[in-house]
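Participant: This structure is in structure tokens; I'll ask about it shortly.
The values are calculated or read from the model by the stated rules, or taken from the named source; none is laboratory data. Worth saying up front: this structure is predicted, and the values here are computed from it rather than measured. We place every Cβ from the backbone using ideal geometry, glycine too, and count neighbours over all the protein chains shown.
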Amino acid sequence: MIIKPKVRGFVCVTAHPEGCAANVREQIDFVRSKGSVKEGPKNVLVLGSSTGYGLASRIVSAFGCGANTLGVYFERPADANKPASAGWYNTAAFQKEAVAAGLNSWNINGDAFSDEIKAQVVALIKQHMGKVDLIVYSLASPRRTDPETGITYKSCLKPIGQAYSAKTVNTDTDEVSTITVEPASTEEIEGTKKVMGGEDWERWIQLLDKENLLAEGVASVAYDYIGPSLTWPIYTHGTIGMAKVHLKETAERINSLLKLHRGVAFCSVNKALVTQASSAIPVIPLYISILYKLMKEKGTHEGCIEQIDRLFRTQMYNQSCLDFDDEGLIRMDDLEMLPEIQQGVESLWPQVTTENVFKITDYEGYKKEFLKLFGFGIEGVDYELDVETEVDI
Ligand code: NAD
């Protein structure tokens with residue numbers, strides 16, 4: 001099949017196997033160029049391992065630390081008419097590279113929120129890994145079925161209390177306009193907490209503890225975002241922000257549990273980046289376009305792999321203590337939040353229009369990064385070639 005990008009709103013419904021493989025190799029090369037992480041984890045479970053921050057966590061664990069990795073993800077294989085999802089191709093490429101490097105890695109495709117997948121993970125850890133010493137929780141999902149009640153909850157990206165009007169860029173038409181997002185209902189707030197809060201993370205850790213699969217010194221990390229006040233109504237003070245409050249409260253409980261294993265659990269606040277999850281949030285693509293422009297100019301721009309590589313090398317496995325902020329969070333968004341960067345955002349934000357969005361922001365970079373998530377626009381990949389879409393993991 002000759003595969004071209006088909007963008008529908010904030011998703012691309014096609015993905016290119018060779019482009020995705022090139023992305024994965026690029027991330028692996030970056031990690032290798034930094035040398036090996038001393039005293040890194042040995043057996044790592046990554047929940048949400050196929051794209052974005054989870055994929056980067058798996059790559060740093062394997063190619064930086066030499067760890068055995070078990071990745072759990074929810075991806076679509078190819079069928080006769082359609083290529084597989086990007087996360088499928090990423091995982092296939094990761095697996096191939098891991099095998100070539102002599103690294104052990106196992107993959108489970110399915111709903112990480114379900115008890116069935118949890119049971120499969122437990123069985124696999126018992127059979128192949130013994131115990132795990134790092135659990136990365138990096139799921140981003142629009143829905144979750146609570147296995148205890150069978151109720152399916154939906155997450156949404158809405159403000160709370162009052163409508164929020166702000167500038168946004170329509171990534172289909174490239175038009176800059178003002179959008180108004182109506183406030184969430186109580187049900188929507190609760191739903192988002194159920195999906196993106198910490199309930200499932202805690203269920204995972206409790207199960208692994210009960211099954212005696214947590215190694216001495218085990219660590220668990222989940223990813224959080226805060227960002228500037230400009231985006232707080234839609235993010236930090238919105239439905240997703242409430243879910244993150246729940247995630248942080250959960251981190252404290254998990255931390256108490258892991259202390260029994262001389263371990264630690266915490267949230268790492270990461271940088272705003274183009275991922276499948278973040279492109280769905282109103283206003284954020286425009287913020288990211290401005291942010292990338294300023295951070296690239298300053299030479300401080302990082303992608304998922306640079307962020308996670310720095311998290312491992314300078315925080316988690318630096319043979320010293322974690323450097324928590326006053327709220328017990330690890331701040332990998334430090335460079336994003338520097339006053340000079342945020343002052344730059346504040347000054348550019350009111351100036352952006354449809355006419356100048358490509359000129360005064362890095363919207364072009366945003367669009368390229370977005371297509372790259374699906375394996376498109378990568379140098380060295382011939383998109384006119386007929387490629388095999390069915391790729392085994
Ligand atoms: P992403 O969309 O790139 O990745 C989500 C992962 O979750 C994929 O591997 C997907 O397969 C998996 N997944 C989704 N539903 C699943 C299910 N039911 N079962 C198993 N796997 C499932 O997302 P991301 O942007 O990397 O986000 C990961 C975490 O990082 C989220 O908590 C997000 O809030 C946080 N974060 C993101 C940003 C950002 O700018 N992207 C910034 C800071 C923090």
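Participant: Report, by residue number, each residue of the stretch 119-150 that is more than 20 Å from the chain's Cα centre (by Cα), more than 15 Å from the ligand (Cβ to nearest atom) and among the aliphatic types (A, V, I, L, M).
Facilitator: VAL122, ALA123, ILE125, MET129, VAL132
Participant: Let me ask another. For LYS193, indicate whether it is within 16 Å of the ligand (Cβ to nearest atom) and either under 30 Å from GLY40 (Cα atoms) or assigned to a loop (DSSP other than H, G, I, E, B) (or both).
Facilitator: Here the answer is no, as LYS193 does not meet what is asked.
Participant: Right, here's the next one. Which members of the stretch 39-58 meet the condition of being more than 7 Å from the ligand (Cβ to nearest atom) and farther than 22 Å from LEU213 by Cα?
Facilitator: Pass one, the stretch 39-58, residues more than 7 Å from the ligand (Cβ to nearest atom): 39-46, 56-58.
Within the stretch 39-58, ALA56 is the sole residue that qualifies.
Participant: Being of a type outside the set (S, T, N, Q), more than 26 Å from CYS156 (Cβ to Cβ) and within 15 Å of the ligand (Cβ to nearest atom): is that true of ALA265 here?
Facilitator: Judged against the criteria, ALA265 is a match.
Participant: Restricted to the stretch 172-200, and to residues that are modelled with pLDDT of 95 or more and acidic (Asp, Glu), which residue is surrounded by the most Cβ atoms within 10 Å (Cβ to Cβ)?
Facilitator: Filtering the stretch 172-200 for residues that are modelled with pLDDT of 95 or more and acidic (Asp, Glu), the one surrounded by the most Cβ atoms within 10 Å (Cβ to Cβ) comes out as ASP200.
Participant: Can you say whether ILE234 is within 14 Å of the ligand (Cβ to nearest atom), hydrophobic (A, V, I, L, M, F, W, C), under 23 Å from GLU369 (Cβ atoms) and outside any helix (DSSP H, G or I), as far as the supplied structure shows?
Facilitator: yes
Participant: Quick check: anything in the stretch 30-37 touching a residue at least 40 places away in the same chain (Cβ under 8 Å) and not in a helix (DSSP H, G or I)?
Facilitator: yes
Participant: For the subset of the stretch 279-331 comprising residues that are outside any loop (DSSP other than H, G, I, E, B) and without any contact (Cβ under 8 Å) to a residue 40 or more places away in the chain, which member is surrounded by the fewest Cβ atoms within 10 Å (Cβ to Cβ)?
Facilitator: Restricting to residues being outside any loop (DSSP other than H, G, I, E, B) and without any contact (Cβ under 8 Å) to a residue 40 or more places away in the chain, the top hit is GLU297.
Participant: Here's another thing I want to ask about it. Which of the following residues is at pLDDT 95 or above, farther than 15 Å from VAL195 by Cα, near the ligand (Cβ under 8 Å from one of its atoms) and among the charged types (D, E, K, R): LYS259, LYS244, LYS271?
Facilitator: After ruling out the rest, the residue left standing is LYS271.
Participant: For the list (1) without any contact (Cβ under 8 Å) to a residue 24 or more places away in the chain; (2) basic (Lys, Arg); (3) at positive phi, I need the number of the one condition that LYS259 fails.
Facilitator: Failing condition for LYS259: (3).
Participant: Across the stretch 206-231, which residue is surrounded by the fewest Cβ atoms within 10 Å (Cβ to Cβ) among those that are within 22 Å of ALA119 (Cα to Cα) and within 13 Å of the ligand (Cβ to nearest atom)?
Facilitator: Checking each candidate, the answer is ALA222.
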